[in-house]
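Bear in mind that the values in this text are calculations on the coordinates, not laboratory data. As the structure is a computational prediction, the values presented were derived from the model and not from experiment. Virtual Cβ from ideal backbone geometry, glycine too; neighbours counted across all protein chains shown.
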Amino acid sequence: MGRGQDKAYDILRQRLVGGHYLPGFHLREEALALEFDVSRTPIRAALKRLVEDGLATADAGQGIHVATWSEADIEETFRIRILLEPHAAELAVQRGGDALVARLEACNAKMEQAITQRGAVAIIQETNRDFHQTLLEFSGAPRLRAILQPMIDMPIVIRSFFLYSPDELTQSLNQHRDITFAARARDGLLGMNAMQLHLRMSHARVLRHRREMSASARQQSPENG
């Protein structure tokens, strides 16, 4: 795997995850090759990896586009996380000890500070990612980690933080604190249950906000004017 492909993939993945491109945006090989000052070959390979990651879609004759997330896509992602991530949390809580507790408490402190600051949503999102990734790291289950890690980075999960109210962000933080409490007590069952509740609440919030946005968009449509 060439360095040009690695660089292009890393930058493009960061852009797609971070919402740099709108859903459905056409990722054109030629334009990206010019931007990155490389041939089209590493760009083509990088785009293929993004399709494999589920961040882009490839349609015959239509090129490669930034993935658009339907409610079915969101449902599938959260269902997989709700099935598997509580088990990862259970393992981490049982095995992590003081090192895990210290990492989780640092995430919680950083998130609490960011919630009080306007315009700090990106920091909250990054800290949330670190919290969940830390639990996967301490689970000691590499296959489980390989399945779940990309889902924590999914754009729909990341963008959801821009929809949350301050109260909802605080609620999410408190659920992280519950998981941290379980880690401190080394109670795997409590950690599993706390993570399951956290993910179910996150799922419900994302769907509610999407439906509210869809309803608002319909009301503002020229057809309804």
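For a quick check: with amide H placed at 1.01 Å from N, whose amide H comes under 5 Å from ALA56's, ignoring anything fewer than 5 positions away on the same chain?
Excluding prolines and chain starts, which carry no amide H, the hits are VAL51, ALA67.
Which three extents, in whole angstrom, do the alpha-carbon atoms of the range 88-182 cover along their principal axes, largest first?
Largest to smallest, the principal-axis extents are 36, 27, 16 Å.
Can you sort VAL66, VAL38 by how many other beta carbons sit within 10 Å, fewest first? Walk me through the numbers before you get to the answer.
Working: VAL66 21, VAL38 18.
Fewest-to-most ranking of VAL66, VAL38: VAL38, VAL66.
Can you give me the P(r) profile for the range 1-107? Cα pairs, bins 10 angstrom wide beginning at 0, each as a whole percent.
Values per bin, smallest distances first: 13, 33, 23, 22, 9, 0.
For the range 55-69, just list the computed ³J(HN,Hα) in residue order, Karplus coefficients 6.51, -1.76 and 1.60, θ = phi - 60°, integers in Hz, with x standing in for Gly and Pro.
8, 9, 10, 10, 10, 3, x, 10, x, 10, 10, 4, 4, 9, 9
Counting each DSSP H run of 4 or more residues in the chain as -39500 (n - 2.57), what helix-only mean residue ellipticity at 222 nm follows after dividing by all residues, to the nearest 500 deg cm²/dmol?
Working: 9 runs with 171 residues, N = 225.
-26000 deg cm²/dmol, from helical runs alone.
Quick check on the exposure proxy: order LYS7, LYS110 from fewest to most C-beta atoms within 10 angstrom. Numbers along the way, then the final one.
On the way: LYS7 14, LYS110 17.
Ranked by crowding around the Cβ, least crowded first: LYS7, LYS110.
Using the Cα centre of the chain as the reference point, and only Cβ charges (+1 on K/R, -1 on D/E), how large is the resulting charge dipole? Debye, rounded to the nearest 20.
Details: 28 positive and 28 negative charges, 28 e Å.
Dipole magnitude for the chain comes out near 140 debye.
Bin by bin, in steps of 10 Å, what percent of the Cα pairs in the range 3-66 do you find, going until the bin that has the longest distance?
24, 62, 14
Going by how many other beta carbons lie within 10 Å of each one, how would you line up THR57, THR68, fewest first? Walk me through the numbers before you get to the answer.
Details: THR57 17, THR68 11.
So the ranking, lowest neighbour count to highest, is THR68, THR57.
List every residue whose amide H lies under 5 Å from the amide H of VAL38, counting only residues 5 or more places away in sequence or on a different chain, with H placed 1.01 Å from N in the peptide plane.
none
Looking at the calculated P(r) for the chain, what percent of the C-alpha pair distances fall above 31 Å?
The answer is 30 percent, as a whole percent.
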